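The values are calculated or read from the model by the stated rules, or taken from the named source; none is laboratory data. Here the structure is a predicted model, which is why all the values come from computation and not from measurement. Counting neighbours? That spans all protein chains shown, and the Cβs are built from the backbone with ideal geometry, glycine included.
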Amino acid sequence: MSGPLSPKAIFFDFDGVLAESVALKEGAFRALFEPFGEDIADQALAINREMGAVSRIVKIERMHRELLGRPLHSDELTEWAARFEAIVEAAVVGCAEVPGTTHLLNALTGRIQMFVISGTPEDEMQRIVEARGWRDFFVSVHGSPRLKPDIVAELLARHGLAPEDGIFVGDTFTDRDAALVNGVPFVGRRPVVRENPFPADTLMVDDMAGLGRLIELGAAT
């Protein structure tokens, strides 16, 4: 991509893209596994980072199976996920936004269709967006258990968008994969609390003020 971006639609990841909530989520995984020792908690965080922006259900199941040596039954997995939700939801509602987020959303409302596509459970994601006062900015808000590539494909079809009409803004390799498998251009937000997972040729911004400059002024970072 060169010159100003002029998308008709933007697909936003949420954690680490619109809200500075990545560290909160990592802290929740640590809290779940710390009773089993610091080493187990460290390994849980490593698995979290390795898996990127996928459902916490999938992550917790793998962490428990690989680190504690026993798969969780479905009712146990539901209980663990509920404990995670209890730790993070209020914190994510109250955490700082990624710099420039509210300004960007206000500036683009009515000009560009905007969507949230998150690995957070969909009902929880919708509550968080509503509680932050952002719901009216978005055409729709999506989350797990559906996979991001499938959600992108459905939204392109539902709204009559060609892949090149949109951009996907994310901070993990799973966001980039969801974009690329659908032929949608990708913009990476440089992670704050973990290593940059993107190839050197990835178009990246430091925050949503930077994305606003790309769209409105064409000033690449």
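Descriptive notes on the structure:
- Single match in Ile128, Ile112, Ile151 (criterion: closer than 27 Å to Pro199 by Cα, touching a strand residue (DSSP E or B) at 6+ places or on another chain (Cβ under 9 Å), surrounded by 15 or more Cβ atoms within 10 Å (Cβ to Cβ) and not assigned by TED's automatic domain parsing to the domain that holds Arg62): Ile151
- Residue in the stretch 64-74 that is charged (D, E, K, R), modelled with pLDDT of 95 or more, not in a loop (DSSP other than H, G, I, E, B) and not assigned by TED's automatic domain parsing to the domain that holds His142 present: yes
- Phe186 touching a residue at least 24 places away in the same chain (Cβ under 8 Å), within 17 Å of the chain's Cα centre (by Cα), in the same structural domain as Asn106 (by TED's automatic domain parsing) and surrounded by 15 or more Cβ atoms within 10 Å (Cβ to Cβ): no
- Ala82 being closer than 22 Å to Ser144 by Cβ, among the small types (Gly, Ala, Ser) and surrounded by fewer than 16 Cβ atoms within 10 Å (Cβ to Cβ): yes
- Considering the stretch 155-183, and only residues there that are assigned to a loop (DSSP other than H, G, I, E, B) and hydrophobic (A, V, I, L, M, F, W, C), the residue that is surrounded by the fewest Cβ atoms within 10 Å (Cβ to Cβ) turns out to be Ala162.
- All positions within the stretch 1-23 that are assigned to a helix (DSSP H, G or I) and either at pLDDT 95 or above or in contact with a strand residue (DSSP E or B) (Cβ under 8 Å, 6 or more places away or on another chain) (or both): Val22
- Residue match in the stretch 84-107 (condition: touching a residue at least 12 places away in the same chain (Cβ under 8 Å), farther than 24 Å from Gly133 by Cα and aromatic (Phe, Trp, Tyr)): no
- For the stretch 189-202, filtering for residues that are within 23 Å of Asp150 (Cα to Cα) and in contact (Cβ under 8 Å) with a residue 60 or more places away in the chain leaves 2.
- Neighbours by Cβ (under 8 Å, 6+ apart or cross-chain): first from the stretch 115-144, farther than 22 Å from Val58 by Cβ; second among the hydroxyl-bearing types (Ser, Thr, Tyr) and part of a helix (DSSP H, G or I): Trp134/Thr102
- Sole exception among (1) in a helix (DSSP H, G or I); (2) out of contact with any helix residue (DSSP H, G or I) (no Cβ under 9 Å at 6 or more places or on another chain) for Ile128, by number: (2)
- Condition broken by Val139, with the remaining ones in (1) surrounded by fewer than 15 Cβ atoms within 10 Å (Cβ to Cβ); (2) touching a strand residue (DSSP E or B) at 6+ places or on another chain (Cβ under 9 Å); (3) hydrophobic (A, V, I, L, M, F, W, C); (4) farther than 14 Å from Phe11 by Cα satisfied: (4)
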